[in-house]
Amino acid sequence: MSFTVAIDGPAAAGKGTISKGVAAQFGFAHLDTGLLYRAVGRRTLDGTDPVEAAQALTAEELQQGDLRTAEIAQAASKVAVVPEVRAALVDFQRVFARRAGGAVLDGRDIGTVICPEAEVKLFVTASTEVRAERRFLELSAKGANVTREFVLADVRERDVRDAERSTAPMKPAADAVLLDTSDLSVEAALAQAVALVESKCPATP
Ligand code: CDP
Ligand code: CDP
């Protein structure tokens, strides 16, 4: 039986952390859909056409190299406005969402476009400043040469591009539960998400 948890929200809100925690807690599979756009974005850095890159994307590419750089995040948000790029990635996400045993997908349009029938929808937010600081700490910890100002500008720019594009803009689904993690620890945010999933999925342990 399938069971889909859709987790959307802006950059560094804590979507991935919550998704991994929910997946571990319930034994669900997890797909970070941002990696799809990042992998397409990475391919365009050498001039490859984004639509061709999206149509030729393989699951293996999502595991190759570090896709979580600031340069690739920018490239991802630029290819993500192209309707044909988004269209090329839909089937892979929908098949993943409906796999047996449950799935958590995190991104920007999971609850609105990819899985409007998801059993659980969560929209995770936090203030822009808190998100930029989290991402700055993450990138610095792995040795990236970035400043706070640069990361804040990247987050702001991507937020605007993601929210204002005409195809599948980032927004909470009408039936999504909103979770502001600005003042929450990872543990507290995860506990709220787990409680929500439990309330919709009473048969799980
Ligand atoms: O997936 P998304 O870009 O939304 O964010 P993430 O990669 O899950 O989280 C970004 C950073 O914020 C990670 O280093 C988390 O440990 C940290 N964080 C969090 O996710 N949630 C909190 N309540 C507090 C911190
Ligand atoms: O981790 P963070 O939230 O910073 O970014 P991400 O989730 O890896 O997504 C990178 C970029 O891909 C976003 O800025 C969006 O432009 C795009 N994206 C999208 O349009 N739709 C999705 N379902 C996931 C990501």
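None of Phe123, Phe136 is modelled with pLDDT of 95 or more and either more than 21 Å from Glu71 (Cα to Cα) or not in a helix (DSSP H, G or I) (or both) except Phe123. Candidates are the residues of the range 158-192 that are within 22 Å of Ala132 (Cα to Cα) and either small (Gly, Ala, Ser) or modelled with pLDDT under 95 (or both); the one that is nearest to ligand 2 (Cβ to nearest atom) is Ala163. Looking for something within 19 Å of Gly14 (Cβ to Cβ) and polar (S, T, N, Q) - is there at least one such residue anywhere in the range 140-156? Within the range 140-156, one or more residues are within 19 Å of Gly14 (Cβ to Cβ) and polar (S, T, N, Q). Mind listing just one residue for me: the one in the range 24-56 that is more than 14 Å from ligand 2 (Cβ to nearest atom) and part of a helix (DSSP H, G or I) and, of those, nearest to Asp159 (Cα to Cα)? In this case the residue turns out to be Val51. Only a single item in (1) under 23 Å from Leu89 (Cβ atoms); (2) part of a loop (DSSP other than H, G, I, E, B) is not met by Ala144, and it is number (1). Considering the conditions (1) assigned to a loop (DSSP other than H, G, I, E, B); (2) more than 13 Å from ligand 2 (Cβ to nearest atom), Gly21 is excluded by exactly one of them, (1). Filtered by the rule that a residue be out of contact with any Ser or Thr (no Cβ under 7 Å at 6 or more places or on another chain) and either more than 8 Å from ligand 1 (Cβ to nearest atom) or closer than 11 Å to Ala11 by Cα (or both), the range 126-139 gives Thr128, Glu129, Arg131, Ala132, Glu133, Arg134, Arg135, Phe136, Leu139.
Rundown of residues vs (1) more than 14 Å from the chain's Cα centre (by Cα); (2) within 18 Å of Ile7 (Cβ to Cβ); (3) modelled with pLDDT of 95 or more, yes/no style:
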residue	(1), (2), (3)
Ala87	yes, no, yes
Asp91	yes, no, yes
Val104	no, yes, yes
Gly107	no, yes, yes
Ile110	no, yes, yes
Ser127	yes, no, yes
Val130	yes, yes, yes
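Residues of the range 2-44 that are touching a His at 6+ places or on another chain (Cβ under 6 Å) and away from ligand 1 (no atom under 12 Å from the Cβ): Ala23 alone. For the range 177-185, check the following and say yes or no: at least one residue is in a helix (DSSP H, G or I), in contact (Cβ under 8 Å) with a residue 12 or more places away in the chain and either surrounded by 14 or more Cβ atoms within 10 Å (Cβ to Cβ) or of a type in the set (Phe, Trp, Tyr) (or both). No: the range 177-185 contains no residue that is in a helix (DSSP H, G or I), in contact (Cβ under 8 Å) with a residue 12 or more places away in the chain and either surrounded by 14 or more Cβ atoms within 10 Å (Cβ to Cβ) or of a type in the set (Phe, Trp, Tyr) (or both). Lys171 meets each of the listed conditions (1) in a loop (DSSP other than H, G, I, E, B); (2) touching a residue at least 40 places away in the same chain (Cβ under 8 Å); (3) within 15 Å of Glu71 (Cα to Cα) apart from (3).
The values are calculated or read from the model by the stated rules, or taken from the named source; none is laboratory data. These numbers were taken from a predicted model, which means no experiment stands behind them. Note that we place each Cβ from the backbone using ideal geometry, even for glycine, and neighbour counts take in every protein chain shown.
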